[in-house]
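A quick write-up on the structure given underneath.
The values are calculated or read from the model by the stated rules, or taken from the named source; none is laboratory data. None of these values were measured; they are calculated from a predicted model. Note: ideal-geometry Cβ built from the backbone for every residue, glycine included; neighbour counts use all protein chains shown. These accessible areas exclude ligands, DNA and RNA; they are computed on the full protein's heavy atoms, side chains included. Shrake-Rupley method; radii C 1.70, N 1.55, O 1.52, S 1.80 Å.
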Amino acid sequence: MTFSSAISASAGRRVAGWVVPVTLVVAGATACGSGSPQSQSASTPTPSLQTLSHTGAEHSEDMWSAGPLQACGDLRPGSRGACVRVLQSYLDDPHAQLGWAGASISVDGVYGPKTTDAVSKFQSARNIGRTGVADALTRSVVANGSPWACREVLTGMGSAGPCVVTLQNRLTHSGRPVAVDGIFGTKTREALKDFQTAMGFEPDGVAGPQVWAFLEG
């Protein structure tokens, strides 16, 4: 199952133009952290930038939004639902992270032993504390692809996943705010085309290596 189909499954429908509001994911995700919709929605605030901050240049992307995982709360063994599917989809992506070949796990929405092991290995790879629990920092790092890896991926209409989250974050911080939902839709394309025009590039709405090089700056 791909990231986009995981969202579609949780939302119950595919929205025209691939623009899936974050609320669709979060609405089905309130039960992900503790297994209880009431306790999760009442006790888990949206992580702040301060919560997501982390020292070290290699984790500079932690200051960005975690996209669909932003309001999920901590995910741990026993968690189920849309949030877990998105997390698994991100972990399974072999192209968005430097030094990460993908977890090769099933995107089934069940936080079982294989997902726990994948989270632990990812945490070790990123030196963020091996707990097996997808806390705010872990979700932010998982959700944001490494720019040097993403620059090798041609990100355009219909794309989904960590590199799109990273692209949307960087477009927003460049003064072109878009919803950070991990889905490359019409508004993301228009923001990217505006950025390309400002940089003197051909505004084709595709994020290739040249675009990434400027966005990283």
Check: Got a sec? Charge dipole of the stretch 85-134, +1 on Cβ for Lys and Arg, -1 for Asp and Glu; which of S106, G132, H95 is way out at the positive end?
Finding: G132
Next item on the list: Extending each Cα 7 Å along its Cβ direction at D117 and T197, get the distance between those two points in nm, one decimal.
Entry: 5.1 nm
Notebook entry, point to check: Which value, in nm² and rounded to one decimal, describes the direction-averaged projected area of the C-alpha convex hull of the stretch 85-124?
Noted result: 2.5 nm²
Margin query: Over the stretch 64-132, with the other protein chains present, what is the accessible area per residue in square angstrom, probe 1.4 angstrom?
Written below: 40 Å²
Check: Dipole magnitude of the stretch 60-130 about its Cα centre, charges +1 at Lys/Arg Cβ and -1 at Asp/Glu Cβ only, in debye to the nearest 20?
Finding: 200 debye
Margin query: Take E216 and N127, extend 7 Å from each Cα along the Cα→Cβ direction, and tell me the distance between the two endpoints in nm.
Written below: 1.9 nm
Next item on the list: Return the Cα extents of the stretch 121-203 along principal axes one, two and three, sorted largest first, each rounded to a whole Å.
Entry: 44, 23, 22
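Averaging the inverse of every distinct alpha carbon separation and then flipping it gives the Kirkwood radius. What is it for the stretch 65-191, in angstrom units?
This gives a value of 14.5 Å.
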Check: Across all directions of projection, what mean area in square nanometres is found for the Cα convex hull of the stretch 171-217?
Finding: 3.0 nm²
Notebook entry, point to check: On average over all directions, what projected area in square nanometres does the stretch 90-163 have, based on the convex hull of its Cα atoms?
Noted result: 5.0 nm²
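Roughly speaking, to the nearest percent, how much of the stretch 103-196's 1.4 Å accessible area is carbon and sulfur?
Exposed carbon and sulfur together represent 51 percent of the surface.
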Check: Where the only charges are on Cβ atoms (+1 Lys, Arg; -1 Asp, Glu), what is the dipole of the stretch 116-199 about its Cα centre, to the nearest 20 debye?
Finding: 100 debye
